[in-house]
């Protein structure tokens, strides 16, 4: 597929997103992900010892529009890693957050870690204050430590 064809597809997608009144950052994301791009990171959900996928369950509890916004943001991080603000913010070593602005005016955060070429989604929540709640942060840290210990056990 030639560059001209990729650009045409991107322009069509860009126009489609503009018609739906999606924010400018979404249009920017669509413009730079072409059909031939390969993901930099694979995305997996953190799995508890009991086999639950808490981030996936949280996402399923949200409405379809919010899930789509969060999914698009995670997809963009997957293809364009490493990223910084305004979409991704580093919280501490090996712990980042994907920052999603939902249409209802709410703000969603998905905390993740990176293991090699794998993005592990640790915890998701709707933000209620300026700072990340200590309970959310400690839960993400605990899950991050579990991921790292499982990786060393596998090696």
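No lab work stands behind these numbers, since they all come straight from the coordinates. Quick caveat: nothing in here was measured; it's all calculated off a predicted structure. So basically every Cβ, Gly included, is an ideal-geometry build from the backbone, and we count neighbours across all protein chains shown.
Within the range 103-130, name every residue whose backbone N is under 18 Å away from a label modeled 7 Å from Cα of residue 44 along the Cβ vector. Those under the cut-off are 111-124.
A Förster distance of 30 Å, applied to the separation of the beta-carbon atoms of residue 142 and residue 103, puts the FRET efficiency at 0.45. Projected label points at residue 133 and residue 78, each 7 Å from Cα along the beta carbon direction, are separated by 2.8 nanometres. By the count of neighbouring beta-carbon atoms within 10 Å, fewest first, 73, 136 end up ordered 136, 73. Got the relative contact order for the range 39-154 handy, in percent, Cα pairs under 8 Å and 6 or more residues apart? Computed over the range 39-154, the figure is 25 percent. Counting every C-alpha pair in the range 109-153, the share spaced more than 15 angstrom apart comes to 44%.
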